[in-house]
Amino acid sequence: MTGKYYRRVLYIAELALLFLIEGTPNLLPAFYTVKPLLLVPLAVSAAAFETPYFSLFFGVLCGLIIDSASGGVMGFTSIIIGFICYYESEWNKKYLKNNIYFVLLYCAAAAVCVVGLKFFVFCFIRQYDGADVLLREHYLMRLLYTWACTPIIYVVTLMVSRSFTKEKRRIKVKKRKHVPHSQRSSASRRRAKRNPL
């Protein structure tokens with residue numbers, strides 16, 4: 001296997017580890033009784049270093065795991081995260097230079113869409129009593145907590161990405177000095193006649 005496949009296996013291992021950390025009780029400190037969605041910044045951070053199609057696949061996978069763990073409607077989160085990761089990777093490749101500021105921006109957009117969708121489905125549509133309090137004390141805090149975890153996950157993902165990235169070797173070609181015909185030795189003039197190219 002090449003370095004690309006080892007790197008992607010490490011992304012899957014990172015996904016499993018973060019899922020266990022997120023799901024283990026009392027392992028992460030609760031912020032206003034909520035825990036972050038660690039797979040959202042993971043998907044966005046991995047998309048910063050990967051191809052668009054793998055970013056789409058990895059984003060959809062993270063979204064499906066989030067949906068299955070939270071008991072939400074299967075597919076909505078995966079569509080949102082997969083869409084954002086695909087276009088993040090596409091834009092990074094064509095237009096933008098990859099850095100943590102853009103990853104923070106993409107993660108903020110993904111967290112707003114995912115958490116906002118959950119609030120819309122579970123509270124707004126069902127006309128839940130006290131939805132405004134729940135939005136302020138639960139959903140908004142979860143969004144901020146998720147976004148605050150982005151720099152740490154980005155640094156870990158950056159280290160994973162660089163572990164198996166092959167650097168292209170630059171071959172230096174020595175340029176031959178141009179020597180006027182009058183200054184060439186007789187031997188070099190004879191070689192030039194035999195091999196004009």
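The values are calculated or read from the model by the stated rules, or taken from the named source; none is laboratory data. All values reported here derive from a predicted model rather than from experimental measurement. Note that each Cβ is placed from the backbone with ideal geometry, even for glycine, and that neighbours are counted across all protein chains shown.
Once region 16-40 is narrowed to residues that are surrounded by fewer than 13 Cβ atoms within 10 Å (Cβ to Cβ) and part of a loop (DSSP other than H, G, I, E, B), the residue that is modelled with the lowest pLDDT is Y32.
Here region 88-147 is the region considered, the condition is being outside any helix (DSSP H, G or I) and hydroxyl-bearing (S, T, Y), and the residue that is farthest from L42 (Cα to Cα) is Y128. Within the option set Y106, Y87, being touching a residue at least 60 places away in the same chain (Cβ under 8 Å) and either under 30 Å from A131 (Cβ atoms) or surrounded by fewer than 24 Cβ atoms within 10 Å (Cβ to Cβ) (or both) holds for one residue only, Y106. How do the pairs read when you match residues in region 15-31 that are over 17 Å from Y154 (Cα atoms) with residues anywhere that are assigned to a loop (DSSP other than H, G, I, E, B) and basic (K, R), using Cβ under 8 Å and keeping only pairs 6 or more apart or on different chains? Listed pairs, sorted by first residue: L28/K35. From the list A43, A69, A13, the one residue that fits, being more than 16 Å from the chain's Cα centre (by Cα), part of a helix (DSSP H, G or I) and either farther than 21 Å from L140 by Cα or of a type in the set (A, V, I, L, M) (or both), is A69.
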